Amino acid sequence: MRRAIVSSVVGTGLWLSQISPSMAGDVHVEPVTAYIEANVRAWIENPLIIAGLKKQNEVHAGLTPAEIDGLDAAWRAEISSNVQPLIDSVIRSPLSKFLKDRQVASSGVITEILVMDARGLNVGESEISSDYWQGDELKWQKTYLAGPTVLFVDKAEKDESTQTLQSQASLTVSDPQTGRPIGAITIGINLDAL
């Protein structure tokens, strides 16, 4: 039944937001997965992503939980400040520029991209996130902690600021040389644009 709904939605060009909540369920998972496999998987091993993760994993290897909490608190405080050294160190990096370029190239399908290190801390992002530590969220827990080649598609939710139906697709990022997980990436998908 679910395949029939997906085929009908995709085949007739209906927007996923027009499906009633009782029918929506996991209907978005298949088209999001197809989009990620066709348009994203090829660039998650980009040298900027791999180098950024390896470097930050080295720097953050010895962080204590209290230090992680302190960095996260500093990030949250900087959100409403004119002085943003931690945010700037992430958002102005070459990796974040690369991610922003990937977002723009998607013609509105990708709403955000976030790369997280082995501790769940932001390494690069296309948009400023509300927090620095993602280690307490499913996007990191169901990818990095689950092993290599994992793809996790989260539930569909309406974004109140844009009034679009969105989902997040998250993948484990592995070292191309060893195959070992070194971080994770989350891609926000505008389901209305698929």
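The values are calculated or read from the model by the stated rules, or taken from the named source; none is laboratory data. Every value quoted in this text rests on a predicted model; they were computed, and no experiment measured them. With ideal geometry, Cβ positions are generated from the backbone for all residues, glycine too; neighbour counts draw on all protein chains shown.
Observations on the structure shown:
- Taken together, the residues in segment 47-85 that are of a type outside the set (A, V, I, L, M, F, W, C) and without any contact (Cβ under 8 Å) to a residue 60 or more places away in the chain amount to 15.
- Here is the figure for segment 152-194: residues that are farther than 17 Å from LEU48 by Cα, in a strand (DSSP E or B) and either free of Cβ contacts under 8 Å to residues at least 24 places away in the same chain or under 11 Å from the mean Cα position of the chain (by Cα) (or both) total 9.
- Any hit, segment 91-101, residues being within 21 Å of LEU191 (Cα to Cα) and either in contact (Cβ under 8 Å) with a residue 12 or more places away in the chain or surrounded by 21 or more Cβ atoms within 10 Å (Cβ to Cβ) (or both): yes
- None of LEU99, LEU86, LEU71, LEU114 is out of contact with any Phe, Trp or Tyr (no Cβ under 9 Å at 6 or more places or on another chain) and either modelled with pLDDT under 95 or assigned to a helix (DSSP H, G or I) (or both) except LEU99.
- Single match in ASP117, ASP159 (criterion: out of contact with any Lys or Arg (no Cβ under 8 Å at 6 or more places or on another chain), at negative phi, acidic (Asp, Glu) and surrounded by fewer than 20 Cβ atoms within 10 Å (Cβ to Cβ)): ASP159
- When the residues of segment 135-151 are filtered to those that are over 21 Å from SER96 (Cβ atoms) and part of a loop (DSSP other than H, G, I, E, B), the one that is modelled with the lowest pLDDT is THR149.
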